[in-house]
Number of protein chains: 2
Amino acid sequence: MLSMRAHANSAPPNSGCVHRYGYGVRILVATCTVDYVGRLTAHLPAAQRVIMVKADGSVLIHADGGSYKPLNWMSPPCSLKEKEAEAEEDHALWLVENKAGEQLRITIHEVQHDSAHELGIDPGLQKDGVEAHLQVLLATHVNVLGDEWSLVRREFPTAIGPVDLMCKDANGGSVAVEIKRRGEIDGVEQLTRYLELLNRDPLLAPVSGVFAAQEIKPQARTLAEDRGIRCVVLDYEALKGTEDPSLRLF
Amino acid sequence: MLSMRAHANSAPPNSGCVHRYGYGVRILVATCTVDYVGRLTAHLPAAQRVIMVKADGSVLIHADGGSYKPLNWMSPPCSLKEKEAEAEEDHALWLVENKAGEQLRITIHEVQHDSAHELGIDPGLQKDGVEAHLQVLLATHVNVLGDEWSLVRREFPTAIGPVDLMCKDANGGSVAVEIKRRGEIDGVEQLTRYLELLNRDPLLAPVSGVFAAQEIKPQARTLAEDRGIRCVVLDYEALKGTEDPSLRLF
DNA sequence: GGTTGTATCTCGGCT
DNA sequence: AGCCGAGGTACAACC
């Protein structure tokens, strides 16, 4: 019944019916057909592929190309039932199913490789350079947006969500700032909704808008400027260069 | 210089400096540290992971959990340079780089498994049940939207892109229909832009709007109805059940 | 090649 | 648990 053991370098000769959780990654290279029935239906004709089964039961079917996305897969948590090939048949059937009833049926025709490996817990990825960091950086350098500008607060709350930065310009006027890594139409629409709402508040109005991003797509710029929103392209490296080390996220 | 051979079941004992394209998948299980420098910077501390190198040079770093997304990766096309561990050092360095100058540096501390496999070309995934199919189905059943409605055309062209369906209601009024699998705010904004444009055309105006989806998020519904756009939840299975077999996409 | 819109998106944060 | 926004989004279709 045990389909793999910790630190095993190859799969046991008589692999069982149920995949056990917590025993590492199993890697198969095999000719297989795969059918997914769930949020959509999809079918993979017979071909040689890499099948990876992770400790949480999730399954990935990779071809020798494409990017990191598998041809087909099942996300955890899910259960894997393995039916051994019968004597007169030349294939095994794996039935992978999750709580929502989505199914992955893998028919294994010929196995080229089969091994299992214990990996342990991963410390995880450390990121830098994303929107959250841009927001922190710009919040400490609102002068980039205009002389004598000051920060009111980050994540300024509104009924439809927080505005990235709320500032005061040199004349004391309120300015809502939307920050993106890449400025596209969606971001302009988002800022527009904020501005419409904020300008209904007599204590704040008039509120002007700034759309700030490392890169602003032409269509987004056109839409923004047509609505009286100023566009500012941010230089991440320059902002980072002037950064006070004590303000670092990491 | 040759790092793997076709149909090899294990990596050659003296793997070289350059990964050769077109020779299948290489799978490593090893303790490694990984650094990505590109659109962001990211770091993976030392841990045991699965490293998959595909024929096109792309690299995937998988942990024993999470979903199909690798912890870190490099998309093709890219080149992989492998520097052998020197005698007194206990690690090898892989340098993966793409045309844009993004880099993945993989330091291999200890190898638990190393094998290569020729897979051949994959016939690819056959899908069903996506938005294109919903559009075809609804186009043939516009009566779902209202009695005596008729289809003017699918993909009705406008200056800012095609409207999914253009219909006439029982009174001969024009109706623009936006179809999504999941109806969210973006879809409402998209339809709003179409309606604004279409209503500037005196030959068409007035044009009303229908937002049709298998599932409509509350915020999207609120926004749509506030703008006078009717929301319709589609039953995919019911539409499919009444389908003329000759109209199938597949 | 750039742009647009979808995705079995995935992933994280927050309510 | 659901909702919402961001992503090294990836990916395909279309212009």
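Scan the range A:45-74 for residues that are near DNA strand C (Cβ under 9 Å from one of its atoms) and aliphatic (A, V, I, L, M) and jot them down. Of everything in the range A:45-74, those that are near DNA strand C (Cβ under 9 Å from one of its atoms) and aliphatic (A, V, I, L, M) turn out to be A:Ile61, A:Leu71, A:Met74. Scanning the range A:99-115 for residues that are open to solvent by less than 30 Å² (accessible area, probe 1.4 Å) and within 16 Å of DNA strand D (Cβ to nearest atom) yields a single hit, A:Glu102. What do you reckon, is B:Lys54 within 30 Å of A:Pro77 (Cα to Cα), basic (Lys, Arg) and open to solvent by less than 50 Å² (accessible area, probe 1.4 Å)? Answer is yes for this residue. Residues of the range B:130-156 that are closer than 16 Å to B:Ser174 by Cβ, open to solvent by 60 Å² or more (accessible area, probe 1.4 Å) and β-branched (Val, Ile, Thr): B:Val152 alone. When A:Leu119, A:Leu93 are checked against the criterion of being more than 10 Å from chain B (Cβ to nearest Cβ) and in contact with a Lys or Arg (Cβ under 7 Å, 6 or more places away or on another chain), a single residue qualifies: A:Leu93. Looking only at residues in the range B:116-129 that are open to solvent by less than 60 Å² (accessible area, probe 1.4 Å) and in contact (Cβ under 8 Å) with a residue 24 or more places away in the chain, which one is nearest to DNA strand C (Cβ to nearest atom)? It comes out as B:Gly129. Here A:Ala85 meets each of (1) modelled with pLDDT under 85; (2) away from DNA strand C (no atom under 16 Å from the Cβ); (3) within 14 Å of another protein chain (Cβ to nearest Cβ) with one exception, condition (3). Of the residues B:Val210, B:Val232, the single one that is in contact with an Asp or Glu (Cβ under 8 Å, 6 or more places away or on another chain), in the same structural domain as B:Lys180 (by TED's automatic domain parsing) and not in a helix (DSSP H, G or I) is B:Val210. Would you call A:Asn171 more than 16 Å from DNA strand D (Cβ to nearest atom), closer than 19 Å to A:Gln214 by Cα and out of contact with any strand residue (DSSP E or B) (no Cβ under 8 Å at 6 or more places or on another chain)? In short, no. Only one entry of B:Ala159, B:Ala205 meets the criterion of being open to solvent by 30 Å² or more (accessible area, probe 1.4 Å), assigned to a loop (DSSP other than H, G, I, E, B) and within 13 Å of DNA strand C (Cβ to nearest atom), and that entry is B:Ala159. Report, by residue number, each residue of the range A:177-194 that is free of Cβ contacts under 8 Å to residues at least 40 places away in the same chain, open to solvent by less than 50 Å² (accessible area, probe 1.4 Å) and either more than 17 Å from A:Asp226 (Cβ to Cβ) or hydroxyl-bearing (Ser, Thr, Tyr) (or both). Of everything in the range A:177-194, those that are free of Cβ contacts under 8 Å to residues at least 40 places away in the same chain, open to solvent by less than 50 Å² (accessible area, probe 1.4 Å) and either more than 17 Å from A:Asp226 (Cβ to Cβ) or hydroxyl-bearing (Ser, Thr, Tyr) (or both) turn out to be A:Val177, A:Thr192, A:Tyr194. When restricted to residues that are within 12 Å of chain A (Cβ to nearest Cβ) and within 27 Å of A:Val37 (Cα to Cα), the range B:122-167 contains 13. One residue stands out among those in the range B:50-74 that are modelled with pLDDT under 90 and more than 7 Å from every other protein chain (Cβ to nearest Cβ): the one that is nearest to A:Lys127 (Cα to Cα), which is B:Gly66. Just one of the numbered conditions (1) open to solvent by 70 Å² or more (accessible area, probe 1.4 Å); (2) within 14 Å of another protein chain (Cβ to nearest Cβ) is not true of B:Asn171: (2). Residues that are within 15 Å of DNA strand D (Cβ to nearest atom), within 13 Å of chain B (Cβ to nearest Cβ) and part of a strand (DSSP E or B) occur in the range A:179-194; there is at least one.
The values are calculated or read from the model by the stated rules, or taken from the named source; none is laboratory data. All of these numbers come straight from a predicted model, not from anything done at the bench. Here Cβ is always computed from backbone atoms with ideal geometry, including for glycine, and neighbour counts include all displayed protein chains. Please note that ligands, DNA and RNA were not included when accessible areas were found on the heavy atoms of the full protein model with its side chains. Shrake-Rupley method; radii C 1.70, N 1.55, O 1.52, S 1.80 Å.
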